[in-house]
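The values are calculated or read from the model by the stated rules, or taken from the named source; none is laboratory data. Note that this is a predicted model, so its numbers are computed, not measured. Because the Cβ atoms are built from the backbone with ideal geometry, glycine has one as well, and the counts that use them run over all protein chains shown.
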Amino acid sequence: MIEIANCPTDGMTTHWGKHIPPNLVRAWDVHPLERFRLLPGAGNSTSDWFRYDRPGLREDVFEKTAREVLPFLEKAEEWWKGEE
């Protein structure tokens with residue numbers, strides 16, 4: 001799973017009042033209804049996520065995972081543009 005989100009250029013303030021500067025905001029800081037998940041599988045379990053930590057994977061696992069993500073980047077672009 002890859003989570004994406006937007007935040008204002010001056011950062012964001014959480015619902016409990018903590019201000020997070022823009023260079024430290026992470027997708028999980030943003031309210032769940034204001035972020036988007038890219039998933040290669042149909043469900044939300046960890047077996048449906050992009051994985052690079054399975055035992056026995058070869059050294060090229062990061063490149064393989066990055067190639068698996070590429071087809072989903074168009075969905076991310078659509079979400080950022082408000083088309084999703």
Across (1) touching a Phe, Trp or Tyr at 6+ places or on another chain (Cβ under 8 Å); (2) at pLDDT 90 or above, E68 clears everything bar (2)
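Looking only at the range 52-62, decide whether some residue is at pLDDT 75 or above, out of contact with any helix residue (DSSP H, G or I) (no Cβ under 8 Å at 6 or more places or on another chain) and within 10 Å of M1 (Cα to Cα). Reasoning before the result, please.
Within the range 52-62, the subset at pLDDT 75 or above is 60-62.
Adding the requirement that they be out of contact with any helix residue (DSSP H, G or I) (no Cβ under 8 Å at 6 or more places or on another chain) leaves 60-62.
Applying the additional criterion that residues be within 10 Å of M1 (Cα to Cα) yields none.
No, the range 52-62 contains no residue that is at pLDDT 75 or above, out of contact with any helix residue (DSSP H, G or I) (no Cβ under 8 Å at 6 or more places or on another chain) and within 10 Å of M1 (Cα to Cα).
Conditions tested, residue by residue: (1) closer than 18 Å to I2 by Cβ; (2) outside any loop (DSSP other than H, G, I, E, B); (3) touching a residue at least 40 places away in the same chain (Cβ under 8 Å); (4) more than 15 Å from the chain's Cα centre (by Cα).
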position: A42; (1), (2), (3), (4): yes, no, no, yes
position: F50; (1), (2), (3), (4): yes, no, yes, no
position: V69; (1), (2), (3), (4): yes, yes, yes, no
position: F72; (1), (2), (3), (4): yes, yes, yes, no
Hey, can you tell me all the residues within the range 24-40 that are closer than 26 Å to T65 by Cβ, free of Cβ contacts under 8 Å to residues at least 40 places away in the same chain and outside any helix (DSSP H, G or I)?
L24, V25, R26, V30, R35, R37, L38, L39, P40
Report, by residue number, each residue of the range 2-30 that is farther than 15 Å from E77 by Cα, surrounded by 10 or more Cβ atoms within 10 Å (Cβ to Cβ) and within 13 Å of the chain's Cα centre (by Cα).
V25, R26, A27, D29, V30
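Would you tally the residues in the range 4-23 being of a type in the set (S, T, Y) and in a strand (DSSP E or B)?
Of the range 4-23, the ones of a type in the set (S, T, Y) are 9, 13-14.
So of that shortlist, the ones also in a strand (DSSP E or B) come out as 13.
So the count comes out to 1.
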